[in-house]
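The values are calculated or read from the model by the stated rules, or taken from the named source; none is laboratory data. For clarity, every value in this text was computed on a predicted model and none was experimentally measured. Every residue, glycine as well, gets a Cβ built from its backbone with ideal geometry; the counts of neighbours run over all protein chains shown. With ligands, DNA and RNA removed, areas are computed over all heavy atoms of the protein, side chains included. Shrake-Rupley method; radii C 1.70, N 1.55, O 1.52, S 1.80 Å.
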Amino acid sequence: MSANAARRLSRMFHRISVAISAEKDHLSDLDGAIGDADHGITMALGFQAVNGELTKRDLDQMLPSEVLSVAASAFLDAVGASTGPLYATAFRKAAQALKQDEALSAAGQAAIVEAMTSGIRERGKGQRGDKTMLDAWIPATEAAAAARDRQASVSAMWAEIVDAADAGARSTRSMVATRGRAARLGERSLGHIDPGAASAVFIIKAMRDTFTENEPAE
Ligand SMILES: [Mg+2]
């Protein structure tokens, strides 16, 4: 079971990498409006590095938490910029959460989302409304927790997580950046979606596609 679970997480990282690479130019364009136009490139490099590292590993001998730990290190090595430590901490926290229960149950999947968000939050010392990736991740986590509490099906849970993340990312358009490079723009950051929130939605959708494979639709 845990061997299958490790493979599943590895597939998840592959999906994330494909999605982010496909949206690389779009994400860099979003970053170009309020930052230094490198977000698509750095995120694509980060997830390509994660995949490269995972293909070298024997997934049959690995636990899901170990897949996340490998991802954390590979992402950090590849991405020195601000998102590197944020997602590295997110994956490390998720690894810690999974050590309690390595089965990727619905509750385990919700725990991954929650742990990733708390990692990003702690590392970036940010909050909702800062016009960052947390504006996607925090609503996603709230949706995950609510779905878990009422024992929603996996597909219902992920539909709600994706909707919440997507609405959260879109809401950054009407926010003024208070953190990072975009903060220097002040009011001029209005009207642009935050690139980190946009890439978070692609990551979360790839997670949904992985975890809802072979799950009955609602
Ligand atoms: Mg940038």
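Highest first, please rank the peptides 187-193, 159-165 by the mean number of other Cβ atoms sitting within 10 Å of their residues.
So the peptides 187-193, 159-165, ranked by packing, come out 159-165, 187-193.
Can you show me the helix-derived [θ] at 222 nm for the chain, built from DSSP H runs with n ≥ 4 at -39,500 (n - 2.57) apiece and divided by the number of residues, rounded to the nearest 500.
-23000 deg cm²/dmol
Please list, in order along region 63-77, the HN-Hα scalar couplings obtained from phi with the Karplus expression 6.51 cos²θ - 1.76 cosθ + 1.60 (θ = phi - 60°), rounded to whole Hz, x for Gly and Pro.
Along region 63-77, the couplings run 8, x, 4, 6, 4, 5, 5, 4, 4, 4, 5, 5, 5, 5, 4 Hz.
What does the net charge come to around ALA183 if you take all other residues with beta carbon closer than 15 Å to its beta carbon, with K and R at +1 and D and E at -1?
After counting each charged neighbour, the total is 0.
Counting only other residues whose beta carbon sits under 13 Å from that of LYS93, what net charge do I get with K and R as +1, D and E as -1?
Summing Lys/Arg as +1 and Asp/Glu as -1 gives +2.
Quickly work out the VAL18-to-ALA81 label distance, labels modelled 7 Å from Cα along the C-beta direction, and quote it in nm with one decimal.
Inter-label distance under the simple model: 2.5 nm.
Let's test this: bin the Cα-Cα distances of region 2-118 at 5 Å from zero up to the farthest pair and state each bin's percent.
Once binned at 5 Å, the Cα pair distances of region 2-118 give 2, 13, 21, 23, 19, 12, 6, 3, 1.
What number do you get for the chain when its Cα radius of gyration is normalised by 2.2 N^0.38 Å, N = residues?
Relative to the rule-of-thumb radius for its length, the chain sits at 0.96.
Running Debye on region 103-198 with equal point scatterers at the Cα sites and no solvent, what base-10 log of I(q)/I(0) appears at q = 0.14 Å⁻¹?
Each listed q maps to, in turn, -0.51.
How far apart, in nm, are two points set 7 Å out from the Cα along the Cα-to-Cβ line at ARG188 and at LYS99?
4.6 nm
Separation of region 127-189 and region 23-60 by C-alpha centroid, Å?
For region 127-189 versus region 23-60, the Cα centre distance is 20 Å.
Distance in nm between label sites at ARG150 and ARG57, each 7 Å beyond Cα in the beta-carbon direction?
3.5 nm
On average, how much accessible surface per residue is there in the chain, in Å², for a 1.4 Å probe, leaving out ligands, DNA and RNA?
44 Å²
Hey, what do the phi angles of region 24-33 turn into as Karplus ³J(HN,Hα) couplings, whole Hz, using 6.51/-1.76/1.60 and θ = phi - 60°, x for Gly and Pro?
Each residue's phi maps through the Karplus curve to give 3, 5, 4, 5, 5, 5, 4, 5, x, 5 Hz.
Where in region 122-150 is the amide nitrogen less than 20 Å from a point lying 7 Å along the Cα-to-Cβ axis of SER174?
Those under the cut-off are 127-140.
Run the numbers for ASP209 and ARG7: contour at 0.36 nm per residue of separation, minus the present Cα-Cα distance, in nm.
71.3 nm
Taking only the alpha carbons of region 143-218, what extent do you get along each of the three principal axes, in Å, biggest first?
46, 22, 17
Mind checking which of SER174, SER69, SER17 has the largest fluctuation in a GNM of the chain, springs on alpha carbons under 10 Å?
Largest GNM mean-square fluctuation: SER174.
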